[in-house]
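The values are calculated or read from the model by the stated rules, or taken from the named source; none is laboratory data. Source: prediction; values computed, not measured. Positions of Cβ are generated from backbone atoms using ideal geometry, with glycine treated the same way; all protein chains shown enter the neighbour counts. These area figures cover heavy atoms from the full protein model, side chains too; ligands, DNA and RNA do not enter into them. Shrake-Rupley method; radii C 1.70, N 1.55, O 1.52, S 1.80 Å.
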Amino acid sequence: MYKERIERIIAEMDKLGLEQLMVTDPDSILFLTDIYNNPMERFWAFLIKKNGQHVLFANKLFRLKPVEAELVLFDDVDPLASIVCEKLQAGPL
């Protein structure tokens, strides 16, 4: 995980009054986490939180190396919207 890059994003989030930012572009997730994944049609996201409790959402089918964030795994049949909403803070996203 590239902490310096994430810290720069958090500084910009602070200027905009954001507490969290969800990144869904695989190349951007790679840039921030050093984890490559080609999710195809499956959900793949990195939730950056100002408080430092970042979350990586990944399908159980993905082969991932250990990550310095909370890893939330799900199956194709899981209620994904509910899973994601549980990790979001109230307020601007």
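Considering only residues that are touching a residue at least 24 places away in the same chain (Cβ under 8 Å) and farther than 16 Å from residue 9 by Cα, which ones fall in segment 75-93?
Step one: list which residues in segment 75-93 are touching a residue at least 24 places away in the same chain (Cβ under 8 Å), which gives 76, 80, 83-84, 87-89, 91-93.
Once the filter is applied, which keeps residues that are touching a residue at least 24 places away in the same chain (Cβ under 8 Å) and farther than 16 Å from residue 9 by Cα, segment 75-93 yields 76, 80, 83, 84, 87, 88, 89, 91.
Scan segment 7-27 for residues that are within 14 Å of the chain's Cα centre (by Cα) and surrounded by 10 or more Cβ atoms within 10 Å (Cβ to Cβ) and report the count. So that I can check it myself, show each step before the final result.
Taking segment 7-27 as the starting set, the residues that turn out to be within 14 Å of the chain's Cα centre (by Cα) are 9-10, 19-27.
Cutting the leftovers down to surrounded by 10 or more Cβ atoms within 10 Å (Cβ to Cβ) gives us 9-10, 19-26.
Residues in segment 7-27 being within 14 Å of the chain's Cα centre (by Cα) and surrounded by 10 or more Cβ atoms within 10 Å (Cβ to Cβ): 10 in total.
Which residues, taken from segment 75-93, are closer than 18 Å to residue 23 by Cα, open to solvent by 60 Å² or more (accessible area, probe 1.4 Å) and of a type in the set (A, V, I, L, M, F, W, C)?
Matches in segment 75-93: 81, 85, 90, 93.
Check whether at least one residue in segment 60-74 is more than 14 Å from the chain's Cα centre (by Cα), surrounded by fewer than 18 Cβ atoms within 10 Å (Cβ to Cβ) and within 21 Å of residue 14 (Cα to Cα), and report yes or no.
The answer is no, given that none of the residues of segment 60-74 is more than 14 Å from the chain's Cα centre (by Cα), surrounded by fewer than 18 Cβ atoms within 10 Å (Cβ to Cβ) and within 21 Å of residue 14 (Cα to Cα).
I'd like the residue in segment 57-93 that is touching a strand residue (DSSP E or B) at 6+ places or on another chain (Cβ under 9 Å), part of a loop (DSSP other than H, G, I, E, B) and among the aliphatic types (A, V, I, L, M) and, out of all such residues, is farthest from residue 6 (Cα to Cα).
Among them, the one singled out is 64.
With (1) loosely packed, with under 13 Cβ neighbours inside 10 Å; (2) at pLDDT below 95; (3) out of contact with any strand residue (DSSP E or B) (no Cβ under 7 Å at 6 or more places or on another chain) as the list, and residue 1 as the residue in question, which single condition is left unmet?
(1)
Every residue in segment 32-56 that is open to solvent by less than 80 Å² (accessible area, probe 1.4 Å) and either farther than 20 Å from residue 7 by Cα or of a type in the set (Gly, Ala, Ser) (or both), please. Please lay out each step first, then the result.
The initial filter retains those residues of segment 32-56 that are open to solvent by less than 80 Å² (accessible area, probe 1.4 Å), namely 32-35, 37, 39, 42-50, 52, 54-56.
Passing the criteria: 37, 39, 42, 43, 44, 45, 52.
Taking only pairs six or more apart or across chains, which ones have beta-carbon atoms under 7 Å, a first residue in segment 46-71 that is at negative phi, and a second residue that is basic (Lys, Arg) and in a loop (DSSP other than H, G, I, E, B)?
Within 7 Å, the pairs are 59/42.
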